[in-house]
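Read the structure below first, then the notes.
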Amino acid sequence: YTVSAVAEKKFDNDIDVKLLGAYRWFDSTGTAVSRGQPFVASVYVYNIPDYKSYQTELTVTGTGMDDKLKWTGGLFFFEESDPRDGGYQNLFLPSAGSAPSPASGKQASTTDQTRNGELNISYAAYAQATYAIWPDTRVTIGGRYTVDQRDAFLDTTKIVFPFTPGVSPAVTNGVFNPGTYTVDGIGYSGFTTVCALTNAGGTSLPLASCPTNISKTFHQPTWTLAIDHDLTDKTMVYFTMRSGYR
């Protein structure tokens, strides 16, 4: 769902002020199942249950110097959040040749991303002006300063099953549970839970250290410079230089 509104005010001195605001929210979920054996080979459940985003922009435009100058400036803000972004995947290789069992190459796994989340924020200020230095020649100069903040919460775990106490130590930092793990109505005796995040050496983090917050902020000025000239009423040539940011 999306709702939005625009407020606009024009002033006598050729200044136009516009304020836009919008709010969006949605949830999306579904399941993809693959068989081909008497047991489940792959089940992927995707889930985005609580997405929200806000956006607002204030723009001011105007003219001056007997219409030789046209200018615009504004402020921009955007925020999106999804505190429970992620589903889970149950995976088993049919090439194992038999139903899952507590042996290397015979086990199935569930990757659980349901506790992950993210927050993205972006805001900017910008201004641009075009000035007619001659009736048929114009120069444009503009600039923008953008700040982007990216935040993520990761707590992805992997559950490997079936497992026995003798097999479980093979999973570094894995925690063995002797109970039953059920997938698609089939119960498997014994399972081990391990963090899907690793350190720089590729070793899984301990479960207690698995919840991880990541935050990064980017700052970037960008600009544009252009000159255009009317050769005839229907022909224009131009030269442009600009920087971009993504």
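Results for (1) in contact with a Leu (Cβ under 6 Å, 6 or more places away or on another chain); (2) modelled with pLDDT of 95 or more; (3) open to solvent by 40 Å² or more (accessible area, probe 1.4 Å), shown as yes or no for each residue.
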position	(1), (2), (3)
3	no, yes, yes
32	no, no, yes
73	no, yes, no
89	no, no, yes
Within segment 220-246, the residues that are part of a strand (DSSP E or B) and loosely packed, with under 10 Cβ neighbours inside 10 Å are 231, 232, 235, 237, 239, 241
Residue set 173, 177; condition of a type outside the set (Asp, Glu), over 22 Å from the mean Cα position of the chain (by Cα) and not in a strand (DSSP E or B); output residue 173
Extreme residue, most open to solvent (accessible area, probe 1.4 Å), among residues of segment 189-210 that are of a type in the set (S, T, N, Q) and touching a Gly at 6+ places or on another chain (Cβ under 7 Å) = 193
With 214, 159, 186 as the choices, which residue is open to solvent by 50 Å² or more (accessible area, probe 1.4 Å), within 26 Å of the chain's Cα centre (by Cα) and farther than 30 Å from residue 128 by Cα?
-> 214
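Okay, residues lined up against (1) in a loop (DSSP other than H, G, I, E, B); (2) among the small types (Gly, Ala, Ser); (3) within 27 Å of residue 145 (Cβ to Cβ):
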{"position": "18", "(1), (2), (3)": "no, no, yes"}
{"position": "24", "(1), (2), (3)": "no, no, yes"}
{"position": "27", "(1), (2), (3)": "no, no, no"}
{"position": "48", "(1), (2), (3)": "no, no, no"}
{"position": "54", "(1), (2), (3)": "no, no, yes"}
{"position": "62", "(1), (2), (3)": "no, yes, yes"}
{"position": "66", "(1), (2), (3)": "yes, no, no"}
Residue 166 vs (1) assigned to a strand (DSSP E or B); (2) more than 31 Å from the chain's Cα centre (by Cα): all pass except (1)
Condition met for residue 125 (touching a residue at least 40 places away in the same chain (Cβ under 8 Å), buried (at least 16 other Cβ atoms within 10 Å of the Cβ) and of a type in the set (A, V, I, L, M, F, W, C)) | no
What is the one condition in (1) out of contact with any Leu (no Cβ under 8 Å at 6 or more places or on another chain); (2) of a type outside the set (Asp, Glu); (3) modelled with pLDDT of 95 or more; (4) under 19 Å from residue 91 (Cβ atoms) that residue 157 does not satisfy?
-> (1)
Quickly run through segment 104-122 and pick out the residues that are open to solvent by 40 Å² or more (accessible area, probe 1.4 Å) and either touching a Leu at 6+ places or on another chain (Cβ under 7 Å) or not in a strand (DSSP E or B) (or both).
-> 104, 105, 106, 107, 113, 114, 115
Assess whether residue 26 counts as being farther than 30 Å from residue 181 by Cα, loosely packed, with under 15 Cβ neighbours inside 10 Å and under 24 Å from the mean Cα position of the chain (by Cα).
-> yes
Within segment 40-71, restricting attention to residues that are closer than 22 Å to residue 132 by Cβ and acidic (Asp, Glu), which residue is surrounded by the fewest Cβ atoms within 10 Å (Cβ to Cβ)?
-> 66
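The values are calculated or read from the model by the stated rules, or taken from the named source; none is laboratory data. Just so you know, these numbers come straight off a predicted model, no measurement behind them. In this analysis, Cβ positions are derived from the backbone assuming ideal geometry, glycine residues included, and neighbour counts consider all displayed protein chains. SASA here: full protein model, heavy atoms, side chains in, ligands and nucleic acids out. Shrake-Rupley method; radii C 1.70, N 1.55, O 1.52, S 1.80 Å.
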